[in-house]
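Notes to accompany the following structure.
The values are calculated or read from the model by the stated rules, or taken from the named source; none is laboratory data. Because the structure is a prediction, the values reported are computed rather than measured. Positions of Cβ are backbone-derived with ideal geometry, glycine not excepted, and every protein chain shown enters the neighbour counts.
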Amino acid sequence: MGVHFHEEQCRKFIDATIRAYRLPAGLYVGVHHDMPAASVQRRFVPVGIELGGESHIMWLTIVNFFDSMSESYQVHGAAWAKFGRGDLFKGAKVDHLFDKRARTLSIKELQALFRQIGFSFPGDRAKRFKGFVQDLYGPVIQGDPRRIFTELGGSIDEIYKRITRGKSKMLPGYGQKLLSLLALYFYEFGVHAEMFPGAYPADRHVQRQLIQSGVITIDATKGSVDAAHVIAEIIRTRLIPLLAELGVSVLEFSHAQWFLGNRLCRHCASWVAEKRTGKIDHACPLWKDGALGGGLCEGGRGTSDYHKVGRWKALSQPKSNKNAKYLGQERLFEN
């Protein structure tokens, strides 16, 4: 199909990343998933909510729905800042989006609310969210997000097949990435005793790192490849077995990739274009000429095509314009 996964290169990728994460070295000196202020799910918890409790589970499930653009920090952070105090998002109360009151809102009301918050495509988002909360509080899930994983299938693949079967889709807005992310949260906070089978949130940061490091290559004749249904699924199905073989947990490695993407990769295209790579030299475990000796990534790849059309071009094709707004084309919640 014109897309190739290179296992030995992936082993090098895993080794370089996890070695730096565990030391810690470079970027990872200051961020780790056990640090309260580092990961969004630990830093942004509404006041008075018990970690892993029912209210926390619902909070994670709803806020995760809005994280469709891989902007976890903005989504969790701003939602947290407003939720607990009943403040306003540009004049719009949002606490009722996080409990069963959301079922009573019409599509028209949701559309107006999302437009007020600042969502792009408020009509489409409103329709999906309406369907999502109806299913969340419907006869199968019954307002208990844990039932997504106990009643709909024994793996991410099985759940996805179940919710996309037939004309009437369940949990619209949730695909393999958000299901994986939710499973990761549930495991981290003790809701699940073990990592749910097949869970790995292969977002844009993860995809870019593996493409740029040569783990995944795209034939030039292919032109471009779908991000969600091809690249993400190759990563999810091929990376997990390698992590298990090498004794690296999904939780540990997904955090390492997320921190790298959120703190460095998001800036890399502009830094490389402007020849300002000093921070990358000392912080990135993958950088070709870096102090950490990764030697895998040349950097400089933006994500404008990912955001505009949901696809990745072959590396042999021209890279995105250095002035393109490759990150943050939409801030789901404004700070």
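List of remarks:
- The stretch 23-53: number of residues that are assigned to a helix (DSSP H, G or I) and either buried (at least 16 other Cβ atoms within 10 Å of the Cβ) or in contact (Cβ under 8 Å) with a residue 40 or more places away in the chain (or both): 6
- Among strands (runs of 3 or more DSSP E) entirely within the stretch 202-321, having at least 2 residues that are aliphatic (A, V, I, L, M) and touching a residue at least 60 places away in the same chain (Cβ under 8 Å) singles out 216-218.
- Checking Tyr160, Tyr137 one by one, the residue that is under 16 Å from Ile57 (Cα atoms), assigned by TED's automatic domain parsing to the domain that holds Phe98 and surrounded by fewer than 22 Cβ atoms within 10 Å (Cβ to Cβ) is Tyr137 and no other.
- Looking across the stretch 177-201, the residues that are in a loop (DSSP other than H, G, I, E, B), of a type in the set (Gly, Ala, Ser) and touching a residue at least 24 places away in the same chain (Cβ under 8 Å) come down to Gly190, Gly198, Ala199.
- Of the residues making up the stretch 197-217, those that are more than 10 Å from the chain's Cα centre (by Cα) and either under 25 Å from Leu182 (Cα atoms) or of a type in the set (Ser, Thr, Tyr) (or both) number 10.
- Condition check for Ile141: within 21 Å of Ala232 (Cα to Cα) and either part of a loop (DSSP other than H, G, I, E, B) or aliphatic (A, V, I, L, M) (or both): no
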